[in-house]
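Note sheet for the following structure.
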């Protein structure tokens, strides 16, 4: 069976840490930085479990600040 | 396969729309405005109208929309965006003209302009962000505020005997013969974002085809004004806003 592997790139300076991508992700890839903040003081999103990503782009669709880029590869 | 091999441009499935500028948006974290801005930018690009669009900005949170979407913008006086868009479309009938308004702009101060532009059947699209509150000025009661909803000016909840009923302006517009397409959408889940995008596309196509006024109402959240987290305000919206403002097409004469 073909396996879908995905990856996300998060623009940490654009992110406002609203947590909506974390809620939207079906495979629990994303999380908010618990301590670190970006230049504007937000706890930006990052990939907690990057290996789980399936490249569905749900996080990017609901992101209000357009900071997520999604990549997807189908491995045969 | 390691992560660097996946992150190549040929594998990219989603990125920031080209028409969206790099300027960080001033909206609060989790605001629905950002998602709708993204959809508008994507649809304009997909339709190939990026050099052929005149957008009219409102007064409200979206007042700086011209900084974020790279098309030509006109800033209208408070509530007068449909009147300005009427002039823009009549003088430039080949252009895509749309207004982007909130509920305070469209349903309160601009009710007359909105209803008359729609009743004249102007070939414009109205994108209407309904978050049931005046977001920019600090969360006061708007005409669309729900019964019992707490705001800065109704701290014990909106009372019908004192403040009247919430206004379903899209239903009013759907009754007018000048409107062609009136729909109500949300942008809180990936599926609803896709539906909202299709609705915006249909509305833009209608206004280019000269079928009359199209209205896309987006039931949105205002987490700062509602004093909730973005996640909680999405849940509150689904529980309280959606039953009162039911989703779906209120009128669809797109294929006439």
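Throughout, read-outs are computed from the coordinates displayed, never taken from laboratory work. Keep in mind that what you see is a predicted model, and the values were worked out from it rather than measured. Counting neighbours? That spans all protein chains shown, and the Cβs are built from the backbone with ideal geometry, glycine included.
Gain in length, residue B:209 to residue B:247, computed as 0.36 nm per residue apart minus the alpha-carbon separation, to one decimal in nm? Could the numbers behind the result be given before it?
Details: separation 38, 0.36 × 38 = 13.68 nm, distance 2.50 nm.
Value of the extension gain: 11.2 nm.
With a 10 Å cut-off around each Cβ of A:48-61, the average count of Cβ atoms from other chains is 3. Here the calculated FRET efficiency for residue B:227 and residue A:40, from their Cβ-Cβ distance with R0 = 25 Å, stands at 0.70, rounded to the nearest 0.05. Counting Cβ atoms of other protein chains within 10 Å of each residue's Cβ and taking the mean over peptide A:6-19 gives 4. The mean number of Cβ atoms from other chains found within 10 Å of a Cβ in peptide A:23-30 is 2, as a whole number. Calculated FRET efficiency, residue A:1 and residue B:46, Cβ-Cβ r, R0 41 Å, to nearest 0.05? Computed FRET efficiency for residue A:1 and residue B:46 comes out at 0.80. Per residue, the convex hull spanned by the Cα atoms of the stretch B:126-216 amounts to 108 cubic angstrom.
Sorting B:156-168, B:47-59 by average packing, meaning the other beta carbons within 10 Å per residue, from highest down gives B:47-59, B:156-168. In the frame of its principal axes, the stretch B:27-252 has Cα extents of 50, 32, 30 Å, reported largest first.
Taking every DSSP helix (H) stretch of at least 4 residues in chain B, weighting each as -39,500 (n - 2.57) and dividing the sum by the residue count yields a mean residue ellipticity at 222 nm of -9000 deg cm²/dmol.
Here the peptides B:213-220, B:14-21 are ranked by packing, the mean other Cβ count within 10 Å, and the order with the highest first is B:213-220, B:14-21. The convex hull built on the alpha-carbon positions of the stretch B:173-256 has an orientation-averaged projected area of 5.9 nm². Where both partners of a DSSP beta bridge lie in chain B, what percent of those bridges are antiparallel, to the nearest 5? Approximately 20 percent, going by the DSSP bridge assignments. With just the Cα atoms defining each centre, how far is the stretch B:208-256 from the stretch B:50-95? Give it in Å. So the two Cα centres are separated by 21 Å.
Averaging the inverse of every distinct alpha carbon separation and then flipping it gives the Kirkwood radius. What is it for the protein assembly as shown, in angstrom units?
So the Kirkwood estimate lands at 20.4 Å.
If R0 is taken as 41 Å, the Cβ-Cβ distance between residue B:165 and residue B:74 corresponds to a FRET efficiency of 0.80. Spread over its residues, the convex hull of the C-alpha atoms of chain A is 73 Å³ per residue.
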